[in-house]
Structures are given as structure tokens and as C-alpha cells.
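Here is the structure we will look at, set down as C-alpha cells.
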Amino acid sequence: MKHKDSYEIVENGDEESPNESVSYITKVLEWNDAEEAIVIEHSTHIHHLMLDDRVGEYVNKCCDGCMLPVSASFYYCTQCDFFFHKVFAELLKVKHVWHHLFRPPLVLTSNELFQCVACGYFSNAFAYKCEECESCTCLRCIIALTPCARTCLGHKHPLFFYPEYKGQCVACGCDCNGLFRCKDCDFSLGHDCFSLPITSQHKNVQHLCSLAYSDDNTYSESHFLHPFIKLRSIFELPEEVHEHPLTVVTKIYYYPNCDKC
């Protein structure tokens, strides 16, 4: 309660703003016996979306909301290559978050290149954006920073985020301000490492690679430079950098090395 910028007093606590209680699901076309919406219209996509949980049949597909491989329940389009985790399809259009220091709530946006203020990754997936300062937070960080106990690959105890804790991340060894900490043992993860995708594609491997928890994993070349940018996205760079537009593609073994790194 000492951080006055992290909360505000709501005078009419029983009344909700209509904009804050509305999700991006514009219409439910079909329900199942468990009262789940299995066919929906979503305001971010022109076609109908169908609910599915057969993750094993879509191992090479990524969610357009977070750019991570599809997992758990998800919606997909039968007419084009669009996938969306169920938890993201049900998000509200407007959201208040404790870690944003400005008064205005954040608004859900999509198809806009941004750098997440929490994890620092570049992405053009979905994000919550402040209309006053124009900063964006990716959906992965919105979920990670929602107050709750978090599980982590390679650690058996739940982790909690401590925004004021300063220490060393056990994954990368860097000193961090704000860490995911274990209450039962001396285990800390920085926000960047906590947000790493569990699976990823490497240019020399046919199948997806899984994130490993190991002290001797130092092969940095196995990581993508920008893993959360959608494939086939086209970007215009300043003329002094390159005169032609660039298309984001999957790097394979015979492609040249990056001119930057």
C-alpha cells in the first residue's frame, strides 16, 4: 500500500464501465454441452474461429496473440492460418494493471510493431497499450505480472514476483531489479528469462526445441534474434540502413549470417 501510484480508489465499486467489461468476442455462434463457446466471431479477425484442444496436431503453429506455440485450448480459423489461445480470445478490451504508473487503463491492440516495456522483446503480436504514454505490454507479460503464484520449468516450488528485490538471475547470471522469487529456497529469475518461450525453432533442427534447465547451456546462437515477430511481416528501414523493405522469414542453414550480430 506504500506505492500510491500502483492503485487508486474507485468511488463506485459496484459499477463497471461498459468498455471494461466487454471482450473482443463479438458473437458466439455455437456452444458445447460444457457451455464453452466453440464457434465465435472475434473483432480482430474477419472469419469465424473454432475452439480446439488437439495441440499435438498443430506443433508448428504459433498463437497470433503471443507468438508462442499453440498449447492448451485455442481458437483457429478454417480459412486462413490464424491461431489464438482461448485465454487471449477472452481478454477484455480495456485493462487496469498494477505495474503501469499512469492513470489511464491499457487498451488491447494488434498488428502493430512494439517493444514490450516489461520484457524488452520486439513483437507485432497482441499487446495492451497506454493511449497516454503509448507504451505497450505484451500478453505474455500481462499474464506473468498478474498477481499470483507462478510455476517455472526446472523448479518445483511456486514463484512470486517481487518488484523491489535486487539480485542475480540464476538463468543468465545478470543482476536484476525485480525478480521472480521462491519463498522456499534461494531461487530467482529475471523477468526476461521467466518470459522465454518453452519451445522454439532452430535453423538446423527439423523439430521444435525445448527450453532446457542446465548450467552448461551456453549455445547462444540457437536463439532467434526477434522470436516474437510474425513471419512474413514486412518492415521499412531507414535509407541509411537499407534501401529496400525487409521480410521476416525463418532462418535455415544456408542463409547468410546476420549483418548486425
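The values are calculated or read from the model by the stated rules, or taken from the named source; none is laboratory data. Owing to the predicted nature of the structure, the values given are computational and were not obtained by experimental measurement. Cβ coordinates were reconstructed from backbone atoms using ideal geometry, including for glycine residues, and neighbour counts include every protein chain displayed. Just so you know, the surface numbers come from the protein's heavy atoms only, side chains and all, with ligands and any DNA or RNA stripped out. Shrake-Rupley method; radii C 1.70, N 1.55, O 1.52, S 1.80 Å.
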The condition from (1) out of contact with any Asp or Glu (no Cβ under 9 Å at 6 or more places or on another chain); (2) open to solvent by less than 60 Å² (accessible area, probe 1.4 Å); (3) at pLDDT 85 or above; (4) within 17 Å of Ala127 (Cα to Cα) that Cys77 misses is numbered (4)
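Within region 102-120, count every residue that is open to solvent by 50 Å² or more (accessible area, probe 1.4 Å) and within 14 Å of Gly65 (Cα to Cα).
Start the filter on region 102-120 by keeping residues that are open to solvent by 50 Å² or more (accessible area, probe 1.4 Å), which leaves 102-103, 111-113, 115, 117.
From the residues that got through so far, the ones that are within 14 Å of Gly65 (Cα to Cα) too are 111-113.
So the answer is 3.
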Hey, could you check region 178-208 for residues that are within 20 Å of the chain's Cα centre (by Cα) and farther than 20 Å from Ser123 by Cβ and say which is modelled with the lowest pLDDT? Gly178
Looking only at region 217-261, filter to residues that are modelled with pLDDT of 70 or more and outside any loop (DSSP other than H, G, I, E, B); which one of those is nearest to the chain's Cα centre (by Cα)? Phe228
Failed condition for Trp98, given (1) outside any strand (DSSP E or B); (2) within 17 Å of the chain's Cα centre (by Cα), with all others met? (2)
Restricting region 129-159 to residues that are in contact with a Cys (Cβ under 8 Å, 6 or more places away or on another chain) and over 29 Å from Asn111 (Cβ atoms), which is surrounded by the most Cβ atoms within 10 Å (Cβ to Cβ)? Leu159
Considering only residues of region 52-74 that are at pLDDT below 80 and touching a Ser or Thr at 6+ places or on another chain (Cβ under 6 Å), which is nearest to Cys138 (Cα to Cα)? Pro69
I need a count of the residues in region 46-67 that are surrounded by 20 or more Cβ atoms within 10 Å (Cβ to Cβ) and assigned to a loop (DSSP other than H, G, I, E, B). 5
